[in-house]
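The values are calculated or read from the model by the stated rules, or taken from the named source; none is laboratory data. Everything numeric in this text was worked out from a predicted model, so none of it was measured. Every residue, glycine as well, gets a Cβ built from its backbone with ideal geometry; the counts of neighbours run over all protein chains shown. Each accessible area value is taken on the protein alone, full model and side chains, heavy atoms only, with ligands, DNA and RNA left out. Shrake-Rupley method; radii C 1.70, N 1.55, O 1.52, S 1.80 Å.
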Amino acid sequence: MSRSFECMGAWEIVKLAIVRRRLLANRIPKDSVYPLETWMALKASVTSKNERELRNVIGKKDHDEIDRKDFDEYQLFMFREQLRYVKKESPHYREKLKDIVPEDIRTLDDLEKIPFTYPSELAEQSMLFMAVSRTKTAREFTTTGTTGKRKMIGYTTSDLIAKVDIISSALKSIGMHDGDVLHIMFPAVDAWDPSLMLAGACKVAGYGSSTCSSPDIKEQMAVMKDSGATHIIGLPSFIYRVTTLMSTETDLKGLGIRKIISTSEPLSESMRGKLQDAWGCNVLDVWGMTEFGLACAIECDERKGLHTDEANLLFEVIDPDSGKRVPDGKLGELVVTSLTAEATPLIRYRTRDMAAMVSPPCNCGAVFNRKLMKPSGRMDMQFKVGMGYKIYPVMFDECLFGNGNVVDYQMTITKEGFKDVLTFDVESKDQSDDTMRSIVSALSEIMEIADGIREDLIDVPRVRFIDIGSMEYAAKARKITDLRDNFD
Ligand SMILES: [Zn+2]
């Protein structure tokens, strides 16, 4: 822990002490079975003691007495509070929700009375969403986004502390202890805030951290080794790149990394399997959105769904066509409400992510916290080929990274006559005809592609080998480029 204090002045130490006192993460008992859920129960318990409206419903309960029913009441109370707040402070919602009476929201079914917020509204008028003056924002994020206009999201100091609190609890849940060090690798990412937030969460939780933004593999390894890292967080495609290129010269298992956290991109199961084999530890997935402060859900060691931050966020899944809520376990579009955000509160925000919510219990010990089943791909990252078959990057990750030689790839869609042509530029350690054949055959077996080939609407996938390092490192949707003139 001394590492955190090395370069700190007296004022920083005082500020750190104040922030630490405000964090519920630091009040999670040592014997907690699943710290993230205990932290949520603490939130509900503290709120019930301070707020009469909630106390009237669930009483003055301690955190270990909170069950799902109490937690639903906590969420409904927070939702009503947030409605009152946005109707007063946010110009956008003051107008949009002028006929809404917060007191009418008594059950989860009542949520349907509240209109959705669409990403396009936020992009068009980010400033009107803000519920505080810009002088009160401590930080502003602009989404880089894969499509459309940029959205600006503000964070007050309280918003940032709430994020640090959830991240600290999540790090506790994955088994970090005093003296552990988190290596943060986000190469070629313009926005530095995710790294800062993670480093801040480590500091208040009493962990060390090291950050490296260089896309240079050797430099990443050097920084990581110097810091004595015990845990890694970063983009899976980049961690995979490091793994594939370094595994021949370094005994990765010997580095003693206890957990790897994959974030900001979908993690395919084949990539997870390869990373786990190479490093000898579990790889856990995280899901988040800039709109909600990135860290929104994290897997436990079960690796079957992501535990959600239900203290700050309310998750619903809806049928994207009818807008009706679907029951737990059913796939639909994820809709999220920020229950505590001060600067840019969002009510029933359509995320465009496909997901399902799963009811507890979970084998990790969580008893009321609902899990998010892994999104199968962002709706706005999908491309249609052949007879309207939807394709998205994670499908190809599964197939290409299943071949141990592939380091990275990019794909372009073009049209020749009636046929869609998928061309893959593949960085591969082995560029033999055999490897080429096995990659083409694996791609041709993807159901959507196979159907398209049979119907003569998609050409057999074309693969070109390129040298390792010759492709600029690309994340997310940039992996697929659509060059067709007319497509929907
Ligand atoms: Zn679990």
Check: segment 10-128 dipole with +1 on Lys, Arg Cβ and -1 on Asp, Glu Cβ, in debye: 660
Roughly how many Å² is the accessible area per residue of the chain, as a whole number, for a 1.4 Å probe? 43
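Hey, can you rank 352-364, 11-23 by average C-beta count inside 10 Å, highest first?
Working: 352-364: 17.5, 11-23: 13.1.
With the highest mean Cβ count within 10 Å placed first, the list reads 352-364, 11-23.
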Which angle from 0 to 90°, rounded to the nearest 10, does the C-alpha axis of helix 35-50 make with the longest principal axis of the chain? 30
Could you point to the residue in 452, 152, 307 farthest towards the positive end of the chain's charge dipole, with +1 and -1 charges on the Cβ of Lys/Arg and Asp/Glu respectively? 152
Pairs 151/259; 163/259; 151/479: which exceed 29 Å Cα-Cα? 151/259
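Treating the beta-carbon of each Lys and Arg as +1 and of each Asp and Glu as -1, no other charges, what is the dipole magnitude of the chain about its Cα centre, to the nearest 20 debye? Please report the intermediate quantities before stating the final value.
Numbers: 66 positive and 75 negative charges, 334 e Å.
Magnitude of the dipole: close to 1600 debye.
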For the pairs 60/330; 274/429; 61/88; 390/419; 87/136, note any where the Cα-Cα span goes beyond 26 Å. 60/330; 61/88
Relative to the longest principal Cα axis of the chain, at what angle does helix 217-227 sit, 0 to 90 degrees, rounded to 10? 40
Cα-based shape type of the chain, given that a ≥ b ≥ c are square roots of the gyration tensor eigenvalues and the cut on a/c is 1.5: oblate
Taking all protein chains in place and a 1.4 Å probe, what share, in percent, of the accessible surface of the chain do carbon and sulfur account for? 50
Cβ crowding within 10 Å averaged over residues, with 246-256, 113-123, 283-293, 222-232 ranked highest first: 283-293, 222-232, 113-123, 246-256
Using per-residue counts of other Cβ atoms within 10 Å, averaged over each peptide, order 152-161, 88-97 from highest down. 152-161, 88-97
